[in-house]
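A short write-up of the structure that comes next.
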Amino acid sequence: MSQGSQSDVPTYGVVERLRAADRLDDVWTELKINGFAVIDSGLPDEFLGRLAKNLEEVYEIQKTEFLPYGDLTLTADADVARCLLSYRQEFLDLALCDVLMGLAERFLGSNFILVMQNGIINRPERPNYQSRYHRDLNYQHWVCSKPLAMNALFCIDDFTVENGATFVLQGTQHVSEFPSDCYVRSYEKQVIAPAGSFLVLDAMVYHRAGTNFSKFPRRAVNHVIGLPFIAQQVNIPSALSANRVVVPESESTLQYLGYRWAPADDVKSWREKHFLG
């Protein structure tokens, strides 16, 4: 048997290995093979408290915004607050945190875009639309040789069995069809994760929320980050501008938030951007 210089794991006939330089590489490997992983964000508890407060506030604002059309709590968007970073600076800071940006680059390469950022409030023993199995690239029944997108669910609260931690179907990013009921019952895995961590998934992995049997809400902020040809759910640059959110002006941040990838208004604008800008 041969042993690699960086590993105590015995192997035979192995000449290629996945890289393992740091924790991000370990998570990248888990995403590549299993389709999910948990990683600590490194963010302080005080920041989590602000996120929890602001999530509830933004949801109340969005309920009021929807009143001319009806009661948001009676729709499939009940307990979902969308495009949080355009309402509160803390959510932009979360979307730009070093761990998330570093992992996105490791998983997707140097060009990627924030497709959406949504807050999810899983209330005790209350039906939740997210409790149905789905991919975060919805309605897609095909697979790709390289990853297209990842979702990163930031845990504001602990994810536990009692409060309905997320279930995943490991490895389903490799299979185009949804598996049988028998397979789901046998192999679904509930992922326990502490507050302050990211549950990250290949966006083609099937997953669902569990039922919250506790006495308290389970809150999270989901980010879908993808290759730039995937359209944003909400025009993030426009939403940030409308609410006068201060955006760091680094080139990488502007690319990530979608400023670079927005369609040009006309041919002249496209050429100015590509050849003169």
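The values are calculated or read from the model by the stated rules, or taken from the named source; none is laboratory data. Remember, it's a predicted structure, so these values are computed and weren't measured experimentally. Heads up, the Cβs are rebuilt from the backbone with ideal geometry, glycines too, and the neighbour counts pull from every protein chain shown.
Scan the stretch 244-271 for residues that are surrounded by 12 or more Cβ atoms within 10 Å (Cβ to Cβ), over 19 Å from E105 (Cβ atoms) and not β-branched (V, I, T) and report the count.
Going through the stretch 244-271 one residue at a time, the tally reaches 5.
Just checking, how many residues over the stretch 137-181 are in contact with a His (Cβ under 8 Å, 6 or more places away or on another chain), assigned to a loop (DSSP other than H, G, I, E, B) and either β-branched (V, I, T) or crowded, with 17+ Cβ neighbours inside 10 Å (or both)?
3
Mind checking which residues of the stretch 125-134 are modelled with pLDDT under 95, in contact with a strand residue (DSSP E or B) (Cβ under 9 Å, 6 or more places away or on another chain) and assigned to a loop (DSSP other than H, G, I, E, B)?
N128, R132
Of everything in the stretch 165-188, what is within 18 Å of the chain's Cα centre (by Cα) and closer than 17 Å to G210 by Cβ? Give them in sequence order. Spell out how you get there, then give the answer.
Of the residues in the stretch 165-188, the ones within 18 Å of the chain's Cα centre (by Cα) are 165-173.
Residues satisfying the conditions are A165, T166, F167, V168, L169, Q170.
Okay, residues lined up against (1) within 20 Å of C155 (Cα to Cα); (2) hydrophobic (A, V, I, L, M, F, W, C); (3) at pLDDT 95 or above:
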residue	(1), (2), (3)
N54	yes, no, yes
E65	no, no, yes
T73	no, no, no
A78	yes, yes, no
Y87	yes, no, yes
F91	yes, yes, yes
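Name the pairs whose Cβ atoms lie under 6 Å apart, with the first residue in the stretch 16-32 and over 15 Å from L199 (Cβ atoms), the second surrounded by 13 or more Cβ atoms within 10 Å (Cβ to Cβ) and β-branched (V, I, T), and 6 or more positions between them or separate chains?
If the second residue must be surrounded by 13 or more Cβ atoms within 10 Å (Cβ to Cβ) and β-branched (V, I, T), the pairs left are L18/T29.
Looking at (1) small (G, A, S); (2) over 20 Å from L96 (Cα atoms); (3) without any contact (Cβ under 8 Å) to a residue 40 or more places away in the chain, can you tell me which one G49 breaks?
Unmet for G49, out of (1) small (G, A, S); (2) over 20 Å from L96 (Cα atoms); (3) without any contact (Cβ under 8 Å) to a residue 40 or more places away in the chain: (2).
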